[in-house]
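To start, the structure under review is shown below, and the notes come after it.
The values are calculated or read from the model by the stated rules, or taken from the named source; none is laboratory data. All of these numbers come straight from a predicted model, not from anything done at the bench. Heads up, the Cβs are rebuilt from the backbone with ideal geometry, glycines too, and the neighbour counts pull from every protein chain shown. We work out accessible area using only protein heavy atoms, side chains counted, and drop any ligands, DNA or RNA first. Shrake-Rupley method; radii C 1.70, N 1.55, O 1.52, S 1.80 Å.
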Amino acid sequence: MALGTELIAEVVNLNLRIRSVLAGTDGGRFLLIKLSSQDLMGTFRSETVMKSPVIVKFQHKDTVYSFNSEVLNIISNPCKLMFLAYPMKIEEFKVRPDSRHECALPAMAMLDNEILELVIVDISKDGCQCAIKASGAKGDALSGRIHVNTDLDIRAQFPGTEEKFRFTGKVRNIGKDVDRIKIGVLFEKISPEVRMKIGDFIAAISEAGTKG
């Protein structure tokens, strides 16, 4: 981890996810991470979160890294800083950018002020394929409204989370079966947090497939 690396830290017992950057290390003793000035974490007294378990994730190129730690201290002046115990080990999960992974992830999208219920049927680091149940005249009308290069705003809830994550993209291809429309979407302007979450999801799918 280089200084300035973006991190996502989850304080487990507070169910709180924090975006931060690595500000320093003391090899073998602690990591120092800088929190956003708007982050709620800085409002907690250090004694209330001391020894709280933390799961930290970050991404470098096509690999997502994860490690367990705990809070050693928090200070709010002159800026919000959190000290974490130095990790004993770091796990890594390879994410091939061109690899598509089958899934069945419920999601929704906004199209012309209409909410569409859909299922993400495969996903990669760079895009996904969505299926929308629609048949007959309704399917014909809907497919006529979706065109290549249409902007699509998708929200999905990944397994193990209660939060809905937003990712936007452009329609790259459209297909129609008897009872559903399939749309290929290329991701655009995705935040580092959402990109990391997609990487985590792909890693989990890959791991489950290997075990199966």
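Based on C-alpha pairs under 8 angstrom that are at least 6 apart in sequence, the stretch 94-212 has a relative contact order of 25 percent.
Compared with the direct C-alpha span, the chain from Ser206 to Arg100 gains 37.1 nm at full extension, assuming 0.36 nm per residue.
For the stretch 92-212, the per residue solvent-accessible surface stands at 55 Å², with DNA, RNA and ligands left out and a 1.4 Å probe. Dipole magnitude for the chain: about 180 debye, using +1 per Lys or Arg Cβ and -1 per Asp or Glu Cβ, origin at the Cα centre. Here the accessible area is traced with a 1.4 Å probe on the protein chains. For the chain, carbon and sulfur cover 51 percent of it. For trypsin sites (Lys or Arg not before Pro), the sites in the stretch 107-212 that DSSP calls loop and that have at most 14 other Cβ atoms within 10 Å are Lys164, Lys189. State the label only: which of [x] 20.2, 65; [y] 23.6, 82; [z] 19.5, 60 corresponds to Rg and Dmax of the Cα atoms in Å computed from the shown model? After the calculation, the listed value that fits is [x].
Helix 136-145: angle to the longest alpha-carbon principal axis of the chain, degrees 0 to 90, nearest 10? So the helix axis and the longest Cα principal axis differ by about 60 degrees.
By how many degrees, 0 to 90 and rounded to 10, does the Cα axis of helix 192-211 deviate from the longest principal axis of the chain? With rounding to tens, the tilt is 80 degrees. For a label point 7 angstrom out from the Cα of Arg172 toward its Cβ, which stretches of the stretch 114-132 have the backbone nitrogen within less than 16 Å? From the stretch 114-132, the list is 121-131.
Summing Lys and Arg as +1 and Asp and Glu as -1 over all other residues whose Cβ lies under 12 Å from the Cβ of Ile115 gives a net charge of -3.
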